[in-house]
Amino acid sequence: MSFVPGQPVTAVVQRIEIQKLCQGENLILGFSIGGGIDQDPGQNPFSEDKSDKGIYVTRITPGGPAEVAGLRIGDKIMQVNGWDMTMVTHDQARKKLTKKREDVVRLLITRKSLEEAVKHSKGSHPRQ
Amino acid sequence: MDNESQYSGYSYKSSHSRSSRKHRWDDNWGETTTVVTGTSEHSISNEDLTRVTKDLEESTPLECKRFIGPALGGCLSFFALITPLAFLILPQVLWRDALKPCGTPCEGLYVSLAFKLLVLLISSWALFLRPPRATLPRFFVFRCLLMVLVFLFVASYWLFYGVRVLEPKEEDYQGIVEYAASLVDALLFIQYLALVLLEVRHLQPAFCLKVVRSTDGASKFYNVGHLSIQRAAVWVLDRYYNDFSVYNPAVVNLPKSILSKKMTGFKVYSLDENTTNNSTGQSRAMIAAAARRRDNSHNEYYYEEAEMERRIRKRKARLVVAVEEAFTHIKRLHEDEAGASPKHPREVMDPREAAQAIFAPMARAMQKYLRTTRQQAFHSMESILTHLQFCITHNMTPKAFLERYLTPGPTMQYQQQSGRGRQWTLVSEEPVTSGLRQGLVFSLRRLDFSLVVTVTPLPFLRLGEEFIDPKSHKFVMRLQSETSV
């Protein structure tokens with residue numbers, strides 16, 4: 001998932017749709033994010049490349065909407081409802097996820113196992 | 001027609017003796033005298049104060065009551081210790097031939113009896129044969145209980161002995177020896193009971209006592225165990241002599257000049273028709289008016305305090321310098337130096353003479369300092385000289401010599417070794433043999449001040465446990481913020 005500056009970022013992504021859960025007067029998604037361009041990327045336990053300043057999923061509430069929708073810990077979030085998440089600050093990411101008007105967020109996430117799966121399938125079924 | 005004007009007051013309190021003046025040349029002298037109120041009629045100088053306290057201390061007679069308790073206890077324990085020996089000896093003396101001889105078991109019993117008696121003797125000496133430290137106003141309940149117990153016990157043993165052994169002239173000597181051995185066993189157990197009741201029970205702390213001196217508010221907190229009020233009072237007084245700084249009647253909080261201004265500024269005139277003398281109303285009105293008036297006595301107090309502080313510091317500096325200089329005038333003569341220089345013989349002095357020699361330059365500074373800190377009643381010239389001699393003998397530095405005068409020490413430091421003891425009065429609303437409990441207040445009164453003691457129980461502690469695995473101490477740097485959405 002490393003990127004070469006100047007070149008477009010390519011990744012294998014999965015679409016995940018999470019319905020926000022109404023808890024009292026808050027709408028929660030049931031996971032925690034970490035990372036951002038204003039944070040220290042070396043501390044990120046989930047990133048492969050320690051200079052990756054993207055937004056990662058650090059914690060999933062068990063049984064929450066995120067887990068139900070298929071989000072897993074360690075996923076990198078590439079887009080939220082069309083908004084880019086690869087070059088945002090931590091606070092901007094939080095704001096895009098917690099908009100009160102929306103009760104559904106559509107994420108594009110990527111993880112290592114996706115790449116592997118694609119490689120396997122490519123390998124087993126070589127495309128012509 | 002002689003008008004006598006007399007100064008009232010007790011004869012030992014006023015330094016002016018009773019003066020009766022007869023004014024034959026002015027018959028109306030008494031009528032036109034202006035009487036000055038607001039100043040006290042009793043005036044006392046400091047020398048009188050010390051003399052009075054000394055008189056009162058020595059006038060308490062040596063009470064024989066002090067020794068009755070221990071004497072009684074001593075007799076009883078002597079009686080109790082002699083009894084087993086008497087039990088053994090009496091049959092031998094009275095009807096030796098009729099006794100059945102008993103061999104080894106008796107000898108074993110003799111040895112054990114002897115050792116138990118020895119142990120009883122030694123432990124009685126260690127525990128109970130101590131000079132009493134205080135006379136209590138009421139009976140010391142536990143001690144009386146134990147003495148009664150011992151007495152009843154020994155008396156009943158004698159009773160049985162008289163009936164079963166002396167009357168029928170019992171022949172079984174072994175039984176008699178066993179009887180005596182059982183008495184000694186029981187005495188050992190009573191001594192154990194005495195040890196627990198008198199010495200051990202009150203060791204575990206259960207109450208916190210707050211002791212406050214009524215004149216200057218000096219206070220301390222102590223932890224005690226379960227004691228009766230009178231025993232707790234003795235305990236507190238033991239600690240009082242060590243922990244509390246000496247009571248100085250010459251040190252007052254607010255100087256009179258400031259206090260007197262507050263209350264004598266107003267006169268109350270009642271303009272009512274009915275002249276009912278409402279004194280409480282008057283005094284209340286005065287107090288309210290005094291409070292409302294804008295007075296600067298706090299200002300005066302503050303500046304007076306600051307001035308006094310400065311004065312004390314200046315005098316102290318002079319004193320310290322004088323003493324340091326004085327101490328440089330002498331030095332200790334070592335053995336080998338004695339015969340070293342026969343050309344310049346130096347006068348060899350003993351400590352007393354050395355002290356007198358160096359006292360002169362520092363005497364004035366010392367006197368001024370003591371007067372400023374109002375300690376001059378506690379230190380006479382003689383005592384200062386003695387202390388100086390003491391310090392020189394033990395190679396003390398000037399600072400060590402001055403330690404005694406720069407801070408007011410505990411009361412113990414100023415006690416003269418008189419065998420008469422100190423008279424304290426225990427003032428309490430509960431009977432003094434009842435035990436301590438929460439909220440109890442009693443006070444210990446002396447002539448001019450009292451100690452007020454408040455009792456609170458110590459809190460019950462609920463101690464919980466939390467185990468921390470030593471391998472669980474792990475740390476990470478926290479520069480990554482994590483937000484939950």
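Odds and ends about this structure:
- Remark: accessible area buried at the B-A interface is about 1100 Å², both chains counted, probe radius 1.4 Å.
- For the pair B:Y269 and B:E300 in one chain, pulling the backbone fully straight at 0.36 nm per residue adds 8.2 nm over the alpha carbon distance.
- In terms of Cα atoms, the Rg and Dmax of segment A:5-44 work out to 15.6, 45 Å.
- MRE, 222 nm, helices only [DSSP H, n ≥ 4, -39500 (n - 2.57), over chain A, to nearest 500]: -5500 deg cm²/dmol
- Under the criterion of Cα pairs below 8 Å and six or more residues apart, the relative contact order for segment A:11-112 equals 37 percent.
- B:S481, B:S450, reordered so the largest accessible area comes first (probe 1.4 Å): B:S481, B:S450
- Carbon + sulfur, % of accessible area of segment B:64-200 - ligands and nucleic acids excluded, 1.4 Å: 73
- Local electrostatic count, B:Y161, Cβ distance below 14 Å [Lys/Arg +1, Asp/Glu -1]: -2
- Above-threshold pairs, the threshold being 23 Å between Cα atoms, out of B:K220/B:K399; A:K53/A:K95; B:K331/B:K399; A:K50/A:K76; A:K50/A:K122: B:K220/B:K399; A:K50/A:K122
- Burial order of peptide ranges B:359-366, B:456-463, B:242-249 (average beta-carbon count within 10 Å, highest first): B:359-366, B:242-249, B:456-463
- For the residues of A:32-43, the average number of beta carbons from a partner chain within 10 Å of their own beta carbon is 3.
- Here A:K53 sits with roughly 80 square angstrom of accessible surface, probe radius 1.4 Å.
- What a 1.4 Å probe finds exposed on segment A:11-112 is 49% carbon and sulfur by accessible area, rounded to a whole percent.
- Derived from the Cα gyration tensor, the three semi-axes of the equivalent ellipsoid of segment A:11-112 are 21, 14, 13 Å, largest first.
- For chain A, the longest principal axis of the C-alpha atoms and the axis of helix A:112-124 are separated by about 40°.
- Sequence ranges B:102-108, B:282-288, B:224-230, ranked by mean other-Cβ count within 10 angstrom, highest first: B:224-230, B:282-288, B:102-108
- Hydrodynamic radius (Kirkwood) for segment B:64-200, which is based on Cα pairs only, to one decimal in Å: 16.4
The values are calculated or read from the model by the stated rules, or taken from the named source; none is laboratory data. These numbers were taken from a predicted model, which means no experiment stands behind them. Neighbour counts run over all protein chains shown; Cβ positions are idealised from the backbone, glycine included. Ligands, DNA and RNA are excluded from the accessible area calculation, which covers all protein heavy atoms including side chains. Shrake-Rupley method; radii C 1.70, N 1.55, O 1.52, S 1.80 Å.
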